[in-house]
1. Counting other C-beta atoms within 10 Å, and keeping those with at most 15, which DSSP coil trypsin sites (Lys or Arg not before Pro) do you find in segment 25-72?
2. Given the options Ile87, Ile112, Ile13, state which has the largest fluctuation in a GNM of the chain using a 10 Å cut-off (strictly under) for Cα springs.
3. Using only Cα atoms and rounding to the nearest 10 degrees, what angle (0 to 90) does helix 121-148 make with the longest principal axis of the chain?
4. Expressed as a whole number of Å, what is the distance separating the alpha-carbon centroids of segment 129-155 and segment 1-76?
5. In 10 Å bins starting at 0, how do the alpha-carbon pair distances of the chain split up by percent?
6. Could you identify which residue out of Thr62, Thr101, Thr12 has the top mean-square fluctuation in a GNM of the chain using Cα springs shorter than 10 Å?
7. When the accessible area of the chain is computed with all protein chains present and a 1.4 Å probe, what percentage of it is carbon and sulfur?
8. Only Lys, Arg, Asp and Glu count, each charged at its Cβ (+1, +1, -1, -1), so figure out the dipole size of segment 1-137 about its Cα centre, rounded to 20 debye.
Amino acid sequence: MNIKVALTIKKTIQEVWEVMGNQFGYADKWSSNFKTSKPGGEAKFNGLEYSLRDTTTERGNTIQELTAFDPVQYTLTYNITSGAPEIAKMAGAKWSLFTETKNSTLVSMEFIMEPKMPLTEEMETKLKMGLTKSVQELAEELKFYLETGKALAKN
């Protein structure tokens, strides 16, 4: 199951990558989903001193471990290695940036999940709706933070 959300942020690709890529471990600065977020793990990627982020959400602790980090192509991928949704056999994401104009960037956030078991059509529809809402909210909060310099209030 793949959920993809894309939106335009009125900032240069380098400015967006600085927050989304280089500051991957500090998502709590801009996302209300994360109560805390801290980098960890050994350095595995050029230009990054860590390989995962350890976060706390309303649902508990999660660890998102980077599997790819490319500051030249402005892409990163990660797997949720701890704290994934119970229904997930595997869960992760791919985030990519593309230059639209000199001062605007297209952000693509794709969430990928493989369920542990076959889902009924109704369950799959509900799950896709919930995940789409979550990914859309994440993208919109990143946009708000980058364009205003402020995070949305945390609940």
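1. Lys35, Lys44, Arg59
2. Ranking Ile87, Ile112, Ile13 by mean-square fluctuation puts Ile87 first.
3. 20
4. Result: 13 Å between the Cα centres.
5. 11, 40, 37, 11, 1
6. Looking only at Thr62, Thr101, Thr12, the largest GNM fluctuation is found for Thr101.
7. Numbers: 4410 of 8760 Å².
C and S fraction of accessible area: 50 percent.
8. Using Cβ point charges on Lys, Arg, Asp and Glu, segment 1-137 gives about 200 debye.
The values are calculated or read from the model by the stated rules, or taken from the named source; none is laboratory data. Note that the structure is predicted; figures quoted are calculated from it, not measured. Cβ sites come from the backbone with ideal geometry, for glycine too, and all protein chains shown count toward neighbours. Just the protein is used for accessible areas: all its heavy atoms, side chains included, with ligands, DNA and RNA removed. Shrake-Rupley method; radii C 1.70, N 1.55, O 1.52, S 1.80 Å.
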